[in-house]
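I have placed the structure first, in the form of structure tokens, so that the comments after it can refer back to it.
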Amino acid sequence: MISEIVGLIFGVFIACVIAYWFLHKAWFPADRPKLYFIGVLWVLFTLGFEVIVSTFVMKQSLSSIFEAFRIDEGRLLAIGLIALFFIPMAVAQRNEVID
């Protein structure tokens, strides 16, 4: 459980740093719909990466992949994906790029 929490905190921190950097390089748009779209893309790319690596590289079944989303067993991937969706918007609001 501790490793899941550390992984979640580290992942959210890295995503915030990337979003901050992209916003200040003006590579992210400064309007809400596009920032939410970027959040959706991040979630979809993360899910795609998890499925592709787990099935083809690590040779796991889809049922074992879905176990990573079981919050009741201490898995925090679902919370991480929710956070990943909101990070571009939150960083933009925090840095007053948008209101």
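The values are calculated or read from the model by the stated rules, or taken from the named source; none is laboratory data. Since we're looking at a predicted model, the values are computed, not measured. Note that we place each Cβ from the backbone using ideal geometry, even for glycine, and neighbour counts take in every protein chain shown.
With among the small types (Gly, Ala, Ser) and exposed (fewer than 13 other Cβ atoms within 10 Å of the Cβ) as the only criterion, which of 48, 39 stands out?
Testing whether each residue is among the small types (Gly, Ala, Ser) and exposed (fewer than 13 other Cβ atoms within 10 Å of the Cβ) leaves just 48.
I'd like the residue in region 54-85 that is surrounded by 12 or more Cβ atoms within 10 Å (Cβ to Cβ) and touching a residue at least 40 places away in the same chain (Cβ under 8 Å) and, out of all such residues, is nearest to the chain's Cα centre (by Cα).
Among residues in region 54-85 that are surrounded by 12 or more Cβ atoms within 10 Å (Cβ to Cβ) and touching a residue at least 40 places away in the same chain (Cβ under 8 Å), the one nearest to the chain's Cα centre (by Cα) is 84.
For region 1-28, how many residues meet the condition of being touching a helix residue (DSSP H, G or I) at 6+ places or on another chain (Cβ under 7 Å) and either within 16 Å of residue 89 (Cβ to Cβ) or among the small types (Gly, Ala, Ser) (or both)?
8
Within region 37-44, identify whether any single residue is farther than 29 Å from residue 95 by Cα, in a helix (DSSP H, G or I) and small (Gly, Ala, Ser), and answer yes or no.
Within region 37-44, not a single residue is farther than 29 Å from residue 95 by Cα, in a helix (DSSP H, G or I) and small (Gly, Ala, Ser).
Please work out which residue is farthest from the chain's Cα centre (by Cα), limiting yourself to region 18-33 and to residues that are surrounded by 12 or more Cβ atoms within 10 Å (Cβ to Cβ) and assigned to a helix (DSSP H, G or I).
Of everything passing the filter in region 18-33, 24 is farthest from the chain's Cα centre (by Cα).
Hey, among 35, 41, which residue is among the hydrophobic types (A, V, I, L, M, F, W, C) and in contact with a helix residue (DSSP H, G or I) (Cβ under 7 Å, 6 or more places away or on another chain)?
The conditions single out 35.
Is it fair to say residue 92 is part of a helix (DSSP H, G or I), under 21 Å from residue 12 (Cβ atoms), at pLDDT below 85 and small (Gly, Ala, Ser)?
no
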